[in-house]
Structure formats: structure tokens, C-alpha cells
Amino acid sequence: MAGVVVAENGMGRYQQAVTIGQHQLIADEPLSLGGSDAGPAPFELVMAGLGACTSATLRMYADRKGIALTRILVSLSHDKVDIDGVQRDHIRRTITLEGDLTDEQRQRLLEIAGKCPTHRALAQGLWLDCELSTQ
């Protein structure tokens, strides 16, 4: 997997240049948080990764099983919810499946969506290490 490097780009208060292998992106905070909204907010990039992984996983499964899935659309939203007095992040993922599918195929595809690697990582929690560079 390609490494990810993020650095301030000097173009705005919170703008970040994101390099993922050969790909270049801009991340920024929205105007409401003091950014210039020049690119997706960091949490939107997390949701984009989840949506892309979900769609690709469903496509791979449908192709392998010969399921007549013609189009996949994954919509995601984020909010905070209170669970037993603790604020938790809540991502709502809505999947639209187009094609001549049976109810059983639709249900199986929903189950497969829960098996995409990004879903699994986010749902179980991640082990994150953080260290300072010795530059």
C-alpha cells in the first residue's frame, strides 16, 4: 500500500497537501471552522475511504458471484451521538444497489458491505501509534 504524507501547503490556515503515492489531494477545514474549504475536511476523507472501500468490495463480490449488479452508490454522513453519557462519532452509510437483484442477493450484499477492510478497521477500533521525527 502506498504511503501517505500530509504537510501544510502554505495556501490557507488549515490547508494540507496530501500525497498518496502518485496522487495529490488538498484537505482543508470548512469556513465555519476557520478554514478556506479548499478541499474535503479530514473526516470527510475518512468517510470517502469507507465509501470507496464499500463500493469496491461489493463490486468484487458481485463480479465473482455473477450477480447482475449494474451500479453501486454509497452515501455517508457523520454526526455525534450520546451513548451512556459519552459522545461518540456516528457514520450513517446508505447503500443503493441497482440491477435485477433478488431480495436474498440484496441482503447478502449488505452483509458483504460490513466485511470491507475499512469498515472492519473502523468498527473494531484502530491501534494508532504516534511518534516525533528525529529530523
Of all chymotrypsin sites (Phe, Trp or Tyr not before Pro) in the stretch 43-135, the ones in DSSP coil with at most 13 other Cβ atoms within 10 Å are Trp127
Taking Cα pairs closer than 8 Å and at least 6 residues apart, the relative contact order of the chain in percent is 16
Sorted list, accessible surface of protein heavy atoms, 1.4 Å probe, largest first, for Cys53, Cys130 is Cys130, Cys53
Free-by-geometry Cys in the chain, Cβ-Cβ under 4.7 Å as pairing rule, reported as Cys130
Shape call for the stretch 39-84, from the Cα gyration tensor axes a ≥ b ≥ c (a/c under 1.5 means rounded, otherwise prolate when a/b beats b/c, else oblate), comes out prolate
By accessible area (1.4 Å), largest first, Arg88, Arg108, Arg93, Arg13 order as Arg13, Arg88, Arg108, Arg93
What helix-only [θ] at 222 nm does the chain give? Using -39500 (n - 2.57) per DSSP H run of at least 4, over all residues, to the nearest 500, the answer is -10500 deg cm²/dmol
Contour minus Cα-Cα span, Glu111 to Ala68, at 0.36 nm per residue, comes to 13.8 nm
Computed for the stretch 50-135: size of charge dipole around the Cα centre, +1 on C-beta of each Lys and Arg, -1 on C-beta of each Asp and Glu, debye to nearest 20, value 280
Counting only protein heavy atoms and leaving out ligands, DNA and RNA, the solvent-accessible surface of Thr134 at a 1.4 Å probe, in Å² to the nearest 10, equals 140
For the chain, the helices passing both cut-offs (Cα extent along own axis of 24 Å or more, Kyte-Doolittle mean at least -1.0, full DSSP H runs) are 42-65
In whole percent, the Cα-Cα distances of the chain spread across 5 Å bins from 0 upward as 2, 8, 14, 16, 17, 16, 12, 8, 4, 2, 0, 0
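The values are calculated or read from the model by the stated rules, or taken from the named source; none is laboratory data. It should be emphasised that the depicted structure is a prediction, and the values quoted were computed from it without experimental measurement. Cβ atoms come from the backbone with ideal geometry, glycine included; neighbour counts cover every protein chain shown. Side chains are part of the model used for accessible areas, which takes the heavy atoms of the whole protein and leaves out ligands, DNA and RNA. Shrake-Rupley method; radii C 1.70, N 1.55, O 1.52, S 1.80 Å.
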